[in-house]
Each structure stands twice: as structure tokens, then as C-alpha cells.
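The values are calculated or read from the model by the stated rules, or taken from the named source; none is laboratory data. All of these numbers come straight from a predicted model, not from anything done at the bench. So basically every Cβ, Gly included, is an ideal-geometry build from the backbone, and we count neighbours across all protein chains shown. Note: accessible area is taken over every heavy atom of the protein model, side chains too, but ligands, DNA and RNA are not part of it. Shrake-Rupley method; radii C 1.70, N 1.55, O 1.52, S 1.80 Å.
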Amino acid sequence: PREAERLLQEVLEIRSRELGSDHPDTLGSQYAMADLLIDQGRLDEAEPLVRETCGACARVFGEHDPATLEARAQLADLLHARGDLAEAEQVQRGVFESSRRVLEEDDDLAAIFRTALAKSLLAQGKVEQAEQLYDDRVVPSRLEVESWFQGDADWDPDRPTLVALWESWCPYSYRAMPRVQDAHRRFADAGLQVVGVTQVTRTADDDSVREFITDRGLTFPIAKEGGSVSDDFNRNGGVPFTFVVRDGKVVWDGHPVFLSDRMLAGLLGVPDPAR
């Protein structure tokens, strides 16, 4: 992070000097710098940069341009991380509603905005409102699996459940699955059921899957897919991908890096571990 910050600062200074503060490339560097600061929890340092980027994007691109919406979504992420959940929801709802006017429903960015709004709602315990964003998408009453690599989940889609789809050949799974393990460690005792599901293909045999599980220290139940799990969960965007389910319906989906402790605490109705 330190080296990334140094390089980003250098790029930002060069672009500001050579291109001007309102150039799209300069604004992109500001966004990246703020993202790095937020990831490190340096929220007080990030906030002025985030708000400056929001204002500049609205001025340069327009109120409803995707770049402006991304900048505002970043502001909502900062507010969420700080615990200002009501304000985060308000900002993210505005982003989501604007995106529905300017983006196709199946646009990847529109899906990200929906996911972010659902996260803000769940963090406040507004599970039914989050569920409505997914059009009452029902999950199967049982998981169709071929066998279990470890554990044997008593699959109950009515329980609060985190389902993680991943594959051992995928480098993104190597980086993301520890976040799922962290959610299991933090919230299993509070009632969160965590289930991993993976395919086994020509590029990943049973031994490589077991090696992955050991290397990443995964302790939750993990199944070998029986052929229809991906279709059942309507997965798009590849792996890894995670779903939060309650009362048999999807209430959140997204990449594992977007899992939030505040979101899971709100879903389960337990104290926020960050406080």
C-alpha cells in the first residue's frame, strides 16, 4: 500500500499539472487514491478527496453520468465504513435510482450499484427492502451437490446463509476466499451458515481443491457441485461470487471483497463488531 500510494500520488501530481484538475484522467487518479485510503481505513484523509471528486465529476460529466455515479458510490462506501449508515443509504439510493435511468438493467455497473444499496440496507437490518432489489429471487430448497470435500452442511435456505462459489484454478479465488473465511469466523456463532461450492473440471481435480482448502485455511463446509448450483443461483460475472440468503431468497450478491461486517451484523441482528 505504501508504494502504491507513492506512485498514485506521483501520477496525480503529474496529471494535475499537465492535464488540469478537471481532466478525466486526473479525476480517475483522485478516485484511485481515495479508494486506496478507504481500503486502509484512513477515512478522514479520504473524505475531502472523495467529495472533491464527486463535485468535479458532476461539473465535468453531468449529474447522471456513470463516472459521477461511481464517485458518489465511493462516497457512500466511505460513509458505510464510518458507520453513517442512514446517510450512506441515502447517497447510494440516489446513485441506484439514477443508474436505472441511464444504464441497462444487465449492465455490470448497475449490478454493482444494486449490491451497494443492498449492503447499506442490510447493515441497518432492512432485510425485506434489500430482498426487493432482487425481485424475490428464490433459491433451491436443497443444494444439488456431488459430494462434500469437508463438512456436510445441513442446507436450510431459510437460515441466514452465505454461499460462496469459487474454483481452485482461479487466482481471484485465492485472494478472495479468505474474506469468506473471515465472515465464517466472525459470524458462525451468531447464526450465519457459510457454504462453499466449487466445480471440478479438467483444470482442477479433487486433490487440487483439497490443497486449496488447506492452503487458505478454509474451515466451513465445501461441496463439489453436482451440475446445477450455478444455474440455481443465477450466477453471472464468473467466480468467485457470493450470495447472502435469508428466508429462501437472495438479499445480496457480489464479489467476496465487498462483504461487509456491518452488513452481516445487520442481517443477523447482532452488534456491529466494528463498534
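Tabulated results
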item: Search result, residues across the stretch 189-207 that are in a helix (DSSP H, G or I) and either in contact with an Asp or Glu (Cβ under 7 Å, 6 or more places away or on another chain) or open to solvent by less than 90 Å² (accessible area, probe 1.4 Å) (or both); result: Ala190, Asp206
item: Residue among Arg262, Arg186, Arg210 that alone is closer than 30 Å to Asp84 by Cα, surrounded by fewer than 21 Cβ atoms within 10 Å (Cβ to Cβ) and either more than 18 Å from the chain's Cα centre (by Cα) or not aliphatic (A, V, I, L, M) (or both); result: Arg186
item: Matching residues in the stretch 81-107 - criterion: being part of a helix (DSSP H, G or I), closer than 22 Å to Leu264 by Cβ, open to solvent by 10 Å² or more (accessible area, probe 1.4 Å) and not β-branched (Val, Ile, Thr); result: Ala81, Arg82, Leu85, Ala86, Glu87, Glu89, Gln90, Arg93, Phe96
item: Pairs with Cβ under 9 Å, 6+ apart, first in the stretch 24-42 and open to solvent by less than 50 Å² (accessible area, probe 1.4 Å), second assigned to a loop (DSSP other than H, G, I, E, B) and of a type outside the set (Val, Ile, Thr); result: Thr26/Gly20; Leu27/Ser21; Gln30/Ser21; Leu36/Pro1; Leu36/Arg42
item: Residues being more than 19 Å from Leu264 (Cβ to Cβ) and in contact with a Phe, Trp or Tyr (Cβ under 6 Å, 6 or more places away or on another chain) - total across the stretch 184-208; result: 3
item: Residues of the stretch 141-180 classified as part of a strand (DSSP E or B), of a type in the set (Ser, Thr, Tyr) and within 20 Å of the chain's Cα centre (by Cα), total; result: 1
